[in-house]
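Shown next, in structure tokens, is the structure this report addresses.
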Amino acid sequence: KAGVTQTPRYLIKTRGQQVTLSCSPISGHRSVSWYQQTPGQGLQFLFEYFSETQRNKGNFPGRFSGRQFSNSRSEMNVSTLELGDSALYLCASSLKPGELFFGEGSRLTVL
Amino acid sequence: QQPVQSPQAVILREGEDAVINCSSSKALYSVHWYRQKHGEAPVFLMILLKGGEQKGHDKISASFNEKKQQSSLYLTASQLSYSGTYFCGTEISGGGADGLTFGKGTHLIIQP
């Protein structure tokens, strides 16, 4: 069974640009959540989608947005990038609440 | 509010035991434990729901003290493969929609 797939794995952007990250969940998993991981703050919840609906959002500015498609694939977008947005962005899918299966992440560097 | 994990880091010899604690100032619905090896994705270990149950598999177990809002992860007779960063994630309400609030992690190094 294929795991959670995230693309791209690495990317470098400059301040002010925008970025779109993609996540393909495990087949059959309808819930997809996104987390930002940094050395200073650890893992922080961004948002969670279930059946194309955002069920909750973490404490991040409106520059961070996401969506989920009918096939459960999800994308997140960060607009007007700032240096502080440099992080590992992890996507996780789940079948049962709280039992998250993480992808390997997309490492974003903002210069 | 972010749960507090202790210790921040621990170094053990293979075969020794370790305890990692996770404390919250809020009443919790559940506590979740994950392990992340360097350069890899976090991997789910177990969930504990309020009610004070204890869970475990192999030589890794955990407990949840609802009165203290504290969970402890026990690693018995540690193996080299246990090395990594352990995160606890907490839920205030059930259902999974609120997302997990993770602690900053405990770095565990097992030496031969």
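Annotations
- Members of the stretch B:33-58 that are open to solvent by 50 Å² or more (accessible area, probe 1.4 Å), touching a strand residue (DSSP E or B) at 6+ places or on another chain (Cβ under 9 Å) and more than 16 Å from residue B:72 (Cα to Cα): B:37, B:38, B:40, B:43
- Residues of the stretch B:6-15 include at least one that is open to solvent by 60 Å² or more (accessible area, probe 1.4 Å), within 14 Å of another protein chain (Cβ to nearest Cβ) and over 19 Å from residue A:98 (Cα atoms).
Yes or no, residue by residue, for (1) open to solvent by 20 Å² or more (accessible area, probe 1.4 Å); (2) away from every other protein chain (no Cβ under 14 Å); (3) touching a Ser or Thr at 6+ places or on another chain (Cβ under 9 Å); (4) farther than 22 Å from residue A:80 by Cα:
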{"position": "A:8", "(1), (2), (3), (4)": "yes, yes, yes, no"}
{"position": "A:15", "(1), (2), (3), (4)": "yes, yes, yes, no"}
{"position": "A:20", "(1), (2), (3), (4)": "yes, yes, no, no"}
{"position": "A:28", "(1), (2), (3), (4)": "yes, yes, yes, yes"}
{"position": "A:35", "(1), (2), (3), (4)": "no, no, no, no"}
{"position": "A:49", "(1), (2), (3), (4)": "no, no, yes, yes"}
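- Residue list for the stretch A:59-73, restricted to those being in contact (Cβ under 8 Å) with a residue 24 or more places away in the chain and either more than 14 Å from chain B (Cβ to nearest Cβ) or assigned to a loop (DSSP other than H, G, I, E, B) (or both): A:60, A:72, A:73
- Whichever residue in the stretch A:37-47 is open to solvent by 50 Å² or more (accessible area, probe 1.4 Å) and more than 21 Å from residue A:101 (Cβ to Cβ) and, among such residues, is nearest to the other protein chains (Cβ to nearest Cβ): A:41
- Hey, residue B:30 open to solvent by less than 10 Å² (accessible area, probe 1.4 Å) and among the polar types (S, T, N, Q) or not: yes
- Here is the figure for the stretch B:58-110: residues that are in contact (Cβ under 8 Å) with a residue 40 or more places away in the chain and within 14 Å of chain A (Cβ to nearest Cβ) total 20.
- Hits in the stretch B:1-52 (condition: assigned to a loop (DSSP other than H, G, I, E, B), of a type in the set (D, E, K, R) and under 30 Å from residue A:9 (Cα atoms)): B:37, B:40
- Scanning the stretch A:95-111 for residues that are hydroxyl-bearing (Ser, Thr, Tyr) and open to solvent by 10 Å² or more (accessible area, probe 1.4 Å) gives a single hit, A:109.
- Residues of the stretch B:82-104 that are of a type outside the set (Phe, Trp, Tyr), at pLDDT 90 or above and open to solvent by less than 10 Å² (accessible area, probe 1.4 Å): B:88, B:89, B:90, B:103.
- Residues of the stretch A:1-53 that turn out to be in a loop (DSSP other than H, G, I, E, B), within 30 Å of residue B:4 (Cα to Cα) and among the β-branched types (Val, Ile, Thr), as a count: 1
The values are calculated or read from the model by the stated rules, or taken from the named source; none is laboratory data. Here the structure is a predicted model, which means the values were calculated and not measured. Because the Cβ atoms are built from the backbone with ideal geometry, glycine has one as well, and the counts that use them run over all protein chains shown. Ligands, DNA and RNA are stripped out before the accessible areas are found, and what is left, the full protein with its side chains, is counted by its heavy atoms. Shrake-Rupley method; radii C 1.70, N 1.55, O 1.52, S 1.80 Å.
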